[in-house]
Ligand SMILES: [Zn+2]
C-alpha cells in the first residue's frame, strides 16, 4: 500500500464527530494493555488495533487450540496446528491488517509478582481474562495506581462490563466485595456464544475509545449486563466509589500481596498450570531428555510433550500447562519427573 492509501485508513473514523482528527491523534499516541487474549481479548485487541491505538500490549499465558477458533477472532487453524502462544499469534495477525501500530506481546500469566512490570507505562487496562482471581488482582493494581480499567466477561449467552475509574466510579470490589465462590459457570461448563463475546467486547472497546480521546463525560457509569438469547438487560448504578469498599475505601490491596511462592492454578478445564520460579529451559535439551518417554515437538515459543494420558506444554520460562488431569499432585510429580523439581 502507498503512503497516500494508508492516510485513508482512518478516514471514516475521523469523520465521526466524537473522534475527529484530534481524537485520532490521541488514539495513535495511546498505550494500553489487554490482559488475556481469548475470545474477549481477541475482539478487544482486534477492534482497538483497527481503530489505530498506537501501542497495544497483549498479555496472555495460553496457546491456541482448535476449540478456540469458533470465537477467538484473531486466530486461525495454522496457529492452532502450531500451538502458538496467543500473544504471539495475536501480534502476527494484527501486523497483517495494521502494520502502523506497535503490539507488545507478553507470554506470561499475570501474577502479583509481575503485575508492576507487565503493566508498566499503560494508561488503560482492558480485561480479557477468564477468572476472578486475575480480575481482583487487576482491580487492586488499578485502584492503587489510579489507573482506569474496564471489566468485561462473557459466558453462555450472557455478557457483562463495567468501567472502573478509580476515585470517580465504583470498582469491581465495590460491587462484588467477595469473589464468587462455588459453582461459577465457565465456558467449559456453560458453553459460549461468539456473539455474546463480541457484543461485550464492542461495548468495552467503545468505552476505551471514549476514554482515550478524552470524552470522559460520555463514559457509562453502570455495570451493564445483557443476555443475547433471552434479550434480558440490566444496569446497576456504579457512579461513585463505596466508602466502605476494601479497595477504594480502606485501600487494602490484599490481592497484590498474594504471592511470592510458585503457584499451581486450575485453568478451568481438564488441566493444571504449574508456575515455577524463573527456570529458563532449553527446548533442544528438553527434547533430547523427553524423547525416550513420549512424543516431543517444539517451536520457538512452546514445547509439547505427549505422554499418555497427559499432554504437557512448556514455555521458555519454565511454566507448564498439563492437560489430562485436574489433580495438582499428579501434575506436580509429572513436572518434577520430566522437567525438574
Ligand atoms: Zn471500590
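The values are calculated or read from the model by the stated rules, or taken from the named source; none is laboratory data. All values reported here derive from a predicted model rather than from experimental measurement. So basically every Cβ, Gly included, is an ideal-geometry build from the backbone, and we count neighbours across all protein chains shown.
Some points to look at:
- Only a single criterion out of (1) farther than 19 Å from residue 273 by Cβ; (2) out of contact with any strand residue (DSSP E or B) (no Cβ under 8 Å at 6 or more places or on another chain) is not satisfied by residue 136, namely (1).
- Taking every residue in the stretch 154-178 that is within 17 Å of residue 141 (Cβ to Cβ) and touching a residue at least 12 places away in the same chain (Cβ under 8 Å) and pairing it with any residue that is part of a strand (DSSP E or B) and near the ligand (Cβ under 9 Å from one of its atoms), at least 6 positions away or on another chain, the pairs with Cβ-Cβ distances below 9 Å are 170/164; 171/164; 172/164; 174/164.
- Flag for residue 125 being outside any loop (DSSP other than H, G, I, E, B) and within 16 Å of the ligand (Cβ to nearest atom): yes
- Selected residue (criterion: nearest to residue 44 (Cα to Cα)) from residues of the stretch 116-143 that are free of Cβ contacts under 8 Å to residues at least 60 places away in the same chain and buried (at least 19 other Cβ atoms within 10 Å of the Cβ): 135
- Helices (runs of 4 or more DSSP H) lying entirely in the stretch 144-237 (those with 2 or more residues that are surrounded by fewer than 21 Cβ atoms within 10 Å (Cβ to Cβ)): 187-190, 194-213
- Note on the stretch 217-240: among residues that are under 25 Å from the mean Cα position of the chain (by Cα) and closer than 30 Å to residue 113 by Cα, the one that is farthest from the ligand (Cβ to nearest atom) is 223.
- Of the candidates 28, 11, the single residue that is over 17 Å from the mean Cα position of the chain (by Cα) and modelled with pLDDT of 95 or more is 28.
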